[in-house]
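The values are calculated or read from the model by the stated rules, or taken from the named source; none is laboratory data. Just so you know, these numbers come straight off a predicted model, no measurement behind them. Please note: Cβ atoms are built from the backbone with ideal geometry, for glycine as well, and neighbour counts cover all protein chains shown.
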Amino acid sequence: MTADRRRSPLDGFATAFARLGTGSGGRLRIAKGPYLRQLDVRAEPTARADAEAAVGMVLPATPNRINRSGDRTALWLGPDEWLVVGGDGDIPGVPESAGWGLVDVSAQRTAVFLNGTAVELLAHGCALDLERMGPDWCAQTTLARAGVILWGSATGEVCVLVRSSFASYLAAWLLDAATELIG
(Lines give C-alpha, C1' and ligand atoms only; values in the text may rest on other atoms or scores of the structure.)
Protein backbone atom coordinates (compact mmCIF):
# COMPACT_ATOMS: atom_id res chain seq x y z
CA MET A 1 0.00 0.00 0.00
CA THR A 2 1.40 3.40 -0.94
CA ALA A 3 1.20 6.48 1.20
CA ASP A 4 -1.21 9.25 0.25
CA ARG A 5 0.99 11.97 -1.26
CA ARG A 6 -1.72 14.56 -1.77
CA ARG A 7 -0.74 17.88 -0.28
CA SER A 8 -2.88 20.92 0.14
CA PRO A 9 -1.52 24.35 -0.75
CA LEU A 10 -3.02 25.37 2.62
CA ASP A 11 -0.89 23.03 4.76
CA GLY A 12 1.24 25.96 5.93
CA PHE A 13 -1.77 27.92 7.20
CA ALA A 14 -3.02 25.50 9.89
CA THR A 15 -1.31 27.30 12.78
CA ALA A 16 -2.49 30.74 11.69
CA PHE A 17 -6.05 29.44 11.22
CA ALA A 18 -6.00 27.89 14.71
CA ARG A 19 -4.64 31.11 16.28
CA LEU A 20 -7.42 33.09 14.63
CA GLY A 21 -10.09 30.80 16.10
CA THR A 22 -8.58 31.12 19.56
CA GLY A 23 -8.07 34.89 19.23
CA SER A 24 -11.65 35.46 18.13
CA GLY A 25 -13.02 33.56 21.12
CA GLY A 26 -14.53 31.07 18.68
CA ARG A 27 -16.59 33.73 16.89
CA LEU A 28 -14.81 32.92 13.64
CA ARG A 29 -13.09 29.72 12.63
CA ILE A 30 -11.22 29.02 9.41
CA ALA A 31 -9.91 25.57 8.59
CA LYS A 32 -8.28 23.85 5.67
CA GLY A 33 -10.73 21.34 4.30
CA PRO A 34 -9.92 17.71 3.59
CA TYR A 35 -9.25 16.47 0.10
CA LEU A 36 -12.66 16.42 -1.58
CA ARG A 37 -13.59 14.45 -4.63
CA GLN A 38 -15.16 16.81 -7.16
CA LEU A 39 -16.97 15.69 -10.30
CA ASP A 40 -18.08 18.25 -12.85
CA VAL A 41 -21.30 17.08 -14.51
CA ARG A 42 -22.71 18.61 -17.69
CA ALA A 43 -26.01 17.39 -19.12
CA GLU A 44 -28.45 18.40 -21.80
CA PRO A 45 -32.01 18.62 -20.43
CA THR A 46 -33.01 15.40 -22.20
CA ALA A 47 -30.08 13.51 -20.65
CA ARG A 48 -30.30 14.82 -17.11
CA ALA A 49 -32.02 11.72 -15.72
CA ASP A 50 -29.25 9.54 -17.18
CA ALA A 51 -26.59 11.74 -15.56
CA GLU A 52 -28.41 11.57 -12.22
CA ALA A 53 -28.59 7.78 -12.44
CA ALA A 54 -24.87 7.61 -13.19
CA VAL A 55 -23.83 9.80 -10.24
CA GLY A 56 -26.46 8.24 -7.98
CA MET A 57 -28.22 11.39 -6.83
CA VAL A 58 -30.70 14.06 -7.84
CA LEU A 59 -29.04 17.17 -9.23
CA PRO A 60 -30.58 20.46 -8.04
CA ALA A 61 -32.91 22.11 -10.54
CA THR A 62 -33.11 25.45 -8.72
CA PRO A 63 -30.33 27.99 -9.33
CA ASN A 64 -27.82 28.41 -6.51
CA ARG A 65 -29.11 25.46 -4.49
CA ILE A 66 -27.59 22.19 -3.35
CA ASN A 67 -28.84 18.64 -2.83
CA ARG A 68 -27.30 16.13 -0.45
CA SER A 69 -27.21 12.35 -0.65
CA GLY A 70 -25.16 10.53 1.97
CA ASP A 71 -21.63 11.91 1.94
CA ARG A 72 -22.09 13.75 -1.37
CA THR A 73 -23.36 17.20 -2.20
CA ALA A 74 -24.46 18.37 -5.65
CA LEU A 75 -24.08 22.09 -6.32
CA TRP A 76 -26.00 23.89 -9.08
CA LEU A 77 -23.43 25.79 -11.18
CA GLY A 78 -25.54 26.58 -14.23
CA PRO A 79 -28.56 25.41 -16.20
CA ASP A 80 -26.63 22.40 -17.50
CA GLU A 81 -23.74 22.13 -15.02
CA TRP A 82 -23.33 20.74 -11.51
CA LEU A 83 -20.45 19.93 -9.19
CA VAL A 84 -20.79 16.73 -7.16
CA VAL A 85 -18.54 16.98 -4.09
CA GLY A 86 -17.58 14.09 -1.82
CA GLY A 87 -18.06 10.38 -2.03
CA ASP A 88 -15.66 7.83 -3.40
CA GLY A 89 -15.69 4.72 -5.53
CA ASP A 90 -15.47 4.30 -9.26
CA ILE A 91 -16.26 7.17 -11.56
CA PRO A 92 -19.07 6.15 -13.87
CA GLY A 93 -18.27 5.76 -17.54
CA VAL A 94 -20.08 7.97 -20.00
CA PRO A 95 -21.48 6.26 -23.08
CA GLU A 96 -20.57 7.91 -26.36
CA SER A 97 -23.31 10.33 -27.52
CA ALA A 98 -24.93 10.20 -24.08
CA GLY A 99 -25.88 13.88 -24.00
CA TRP A 100 -24.06 14.27 -20.71
CA GLY A 101 -20.48 14.27 -19.52
CA LEU A 102 -18.52 13.89 -16.34
CA VAL A 103 -14.99 15.05 -15.50
CA ASP A 104 -13.03 14.46 -12.29
CA VAL A 105 -11.80 17.93 -11.25
CA SER A 106 -10.77 16.96 -7.72
CA ALA A 107 -7.23 18.29 -8.01
CA GLN A 108 -8.39 21.62 -9.39
CA ARG A 109 -9.76 23.18 -6.19
CA THR A 110 -8.89 23.29 -2.52
CA ALA A 111 -11.50 23.61 0.23
CA VAL A 112 -11.52 26.13 3.07
CA PHE A 113 -14.25 25.90 5.72
CA LEU A 114 -15.48 28.89 7.71
CA ASN A 115 -17.75 28.90 10.77
CA GLY A 116 -19.12 31.63 12.98
CA THR A 117 -19.18 35.07 11.39
CA ALA A 118 -18.21 33.58 8.02
CA VAL A 119 -20.78 35.46 5.95
CA GLU A 120 -19.75 38.76 7.54
CA LEU A 121 -16.10 38.03 6.73
CA LEU A 122 -16.86 37.03 3.14
CA ALA A 123 -18.83 40.25 2.62
CA HIS A 124 -15.51 42.13 2.77
CA GLY A 125 -14.43 40.62 -0.54
CA CYS A 126 -17.55 39.30 -2.25
CA ALA A 127 -20.15 41.36 -4.10
CA LEU A 128 -22.98 38.88 -3.46
CA ASP A 129 -25.38 39.48 -0.57
CA LEU A 130 -24.80 36.12 1.11
CA GLU A 131 -27.16 37.01 3.97
CA ARG A 132 -30.06 36.64 1.53
CA MET A 133 -29.05 33.23 0.20
CA GLY A 134 -31.02 31.23 2.77
CA PRO A 135 -30.11 27.68 3.82
CA ASP A 136 -28.27 25.23 1.59
CA TRP A 137 -27.04 27.62 -1.08
CA CYS A 138 -24.15 27.80 -3.52
CA ALA A 139 -22.72 30.39 -5.89
CA GLN A 140 -19.87 30.89 -8.32
CA THR A 141 -18.39 34.31 -7.71
CA THR A 142 -15.18 36.14 -6.96
CA LEU A 143 -13.77 36.58 -3.50
CA ALA A 144 -10.93 39.08 -3.19
CA ARG A 145 -10.61 38.85 -7.00
CA ALA A 146 -10.15 35.07 -6.93
CA GLY A 147 -12.70 32.85 -8.66
CA VAL A 148 -14.43 30.66 -6.08
CA ILE A 149 -17.41 28.42 -5.52
CA LEU A 150 -19.11 29.12 -2.20
CA TRP A 151 -21.56 26.82 -0.54
CA GLY A 152 -23.30 27.34 2.75
CA SER A 153 -25.46 25.29 5.05
CA ALA A 154 -28.29 26.09 7.41
CA THR A 155 -25.81 25.73 10.30
CA GLY A 156 -23.83 28.74 9.10
CA GLU A 157 -20.81 26.80 7.85
CA VAL A 158 -19.47 28.01 4.51
CA CYS A 159 -17.16 26.06 2.24
CA VAL A 160 -14.97 28.02 -0.16
CA LEU A 161 -13.66 26.04 -3.10
CA VAL A 162 -10.75 27.92 -4.65
CA ARG A 163 -8.40 26.94 -7.44
CA SER A 164 -5.31 25.42 -5.90
CA SER A 165 -3.09 28.04 -7.53
CA PHE A 166 -4.99 30.81 -5.70
CA ALA A 167 -5.36 29.00 -2.35
CA SER A 168 -2.38 30.60 -0.56
CA TYR A 169 -3.36 34.07 -1.78
CA LEU A 170 -6.94 33.59 -0.59
CA ALA A 171 -5.86 32.14 2.78
CA ALA A 172 -3.66 35.18 3.42
CA TRP A 173 -6.54 37.47 2.41
CA LEU A 174 -8.98 35.64 4.72
CA LEU A 175 -6.58 35.96 7.66
CA ASP A 176 -6.03 39.66 6.99
CA ALA A 177 -9.75 40.38 6.61
CA ALA A 178 -10.54 38.32 9.72
CA THR A 179 -7.99 40.26 11.77
CA GLU A 180 -9.69 43.46 10.67
CA LEU A 181 -13.15 42.06 11.43
CA ILE A 182 -12.47 40.72 14.92
CA GLY A 183 -10.00 43.43 15.89
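Miscellaneous remarks
- Taken over the range 125-156, the criterion of being of a type outside the set (A, V, I, L, M, F, W, C) and farther than 23 Å from V105 by Cα is satisfied by G125, D129, E131, R132, G134, P135, T155, G156.
- Count - residues of the range 153-183 that are part of a strand (DSSP E or B) and at pLDDT below 95: 0
- Total residues in the range 132-163, condition surrounded by fewer than 18 Cβ atoms within 10 Å (Cβ to Cβ) and either in contact with a helix residue (DSSP H, G or I) (Cβ under 6 Å, 6 or more places away or on another chain) or closer than 16 Å to K32 by Cβ (or both): 3
- Any hit, the range 123-134, residues being part of a strand (DSSP E or B) and either over 22 Å from R19 (Cα atoms) or outside the structural domain of P79 (by TED's automatic domain parsing) (or both): no
- Taken together, A98, A171 contain a single residue that is in the same structural domain as G78 (by TED's automatic domain parsing) and hydrophobic (A, V, I, L, M, F, W, C), which is A98.
- Note on the range 86-125: residues that are more than 25 Å from L143 (Cα to Cα) and polar (S, T, N, Q) amount to 1.
- Scanning the range 22-72 for residues that are over 20 Å from the mean Cα position of the chain (by Cα), surrounded by 18 or more Cβ atoms within 10 Å (Cβ to Cβ) and outside the structural domain of D90 (by TED's automatic domain parsing) turns up just one, S24.
- Any hit, the range 166-182, residues being of a type in the set (S, T, N, Q), surrounded by fewer than 21 Cβ atoms within 10 Å (Cβ to Cβ), in contact (Cβ under 8 Å) with a residue 24 or more places away in the chain and in contact with a Ser or Thr (Cβ under 7 Å, 6 or more places away or on another chain): no
- So A139, is it in the same structural domain as F17 (by TED's automatic domain parsing) and farther than 20 Å from V41 by Cα: no
- Boolean, I149 is modelled with pLDDT under 90 and either of a type in the set (A, V, I, L, M, F, W, C) or under 22 Å from L83 (Cα atoms) (or both): no
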